[in-house]
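Working notes for the structure below.
The values are calculated or read from the model by the stated rules, or taken from the named source; none is laboratory data. Bear in mind the structure is a predicted one, so any value in this text is a computation, not a measurement. Counting neighbours? That spans all protein chains shown, and the Cβs are built from the backbone with ideal geometry, glycine included.
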């Protein structure tokens with residue numbers, strides 16, 4: 001049995017997974033996460049803020065030290081949208097290396113989508129279905145398309161939960177006009193992506209498989225989980241009606257009260273509203289009335305692909 005660790009350096013959250021593998025199967029042993037907001041303010045000048053760089057690098061250093069102390073041989077760190085887009089990404093990489101001794105990879109959009117797909121398919125098996133794997137992050141949204149269980153391609157949209165929160169949400173709780181502005185912004189980004197209008201062949205409607213922080217948080221809120229449980233998140237179905245209910249509840253509350261909702265991490269209380277709106281508009285675009293949530297995604301996909309594995313077995 002080999003012990004490995006992966007670190008997902010996201011625009012909103014930095015996550016650690018420590019897992020064992022036996023040549024075919026991944027056995028998650030421990031997860032850690034810190035909401036750092038590395039991508040906060042990025043849309044203004046394409047620069048990562050020095051304080052966020054320092055905070056993120058320190059977090060990654062702690063995660064690496066913990067993983068090594070836990071016996072992980074390889075620690076693989078990958079950075080996504082905000083680092084990919086930042087003009088000062090090299091300063092970030094060097095800072096991380098100084099804190100942790102590892103050199104994080106800044107992965108391109110297509111690679112991010114494929115790794116997320118790999119993680120999702122290890123726990124959710126659409127088999128002969130048409131399916132779309134949707135990864136809504138803090139800085140971007142990655143989509144992968146399956147037709148009859150066969151990979152058809154992927155695309156990335158500049159749809160993340162951080163930018164609309166910073167651009168449009170100026171009152172607390174947000175005003176209806178601000179929510180309308182976010183919806184219009186999301187629709188504009190979707191409308192500018194030709195691949196989204198090709199989609200799977202009709203009349204087959206795709207199954208939507210949603211991963212990453214927005215979807216998993218909404219699932220935890222719907223399940224009213226006081227303690228996050230990946231095994232319960234996997235396969236949980238979020239309906240359009242449920243999303244409407246959760247959104248109404250959140251938008252009626254000021255930030256401090258919203259942060260106390262069961263299942264919602266306090267550090268995600270601001271960005272969960274635009275994240276929910278993105279998920280709603282994406283489901284509407286694909287004429288879907290629900291999505292199936294996968295806790296597994298990029299973080300697991302990194303290790304599955306690194307070690308050539310096929311499936312994940314979670315503790316229940």
Provide a single number: the residues in the range 110-146 that are surrounded by fewer than 18 Cβ atoms within 10 Å (Cβ to Cβ) and touching a residue at least 40 places away in the same chain (Cβ under 8 Å). 2
Qualifying strands (runs of 3 or more DSSP E) (wholly inside the range 97-178; at least 2 residues being at pLDDT 90 or above and within 28 Å of residue 269 (Cα to Cα)): 131-136, 141-147
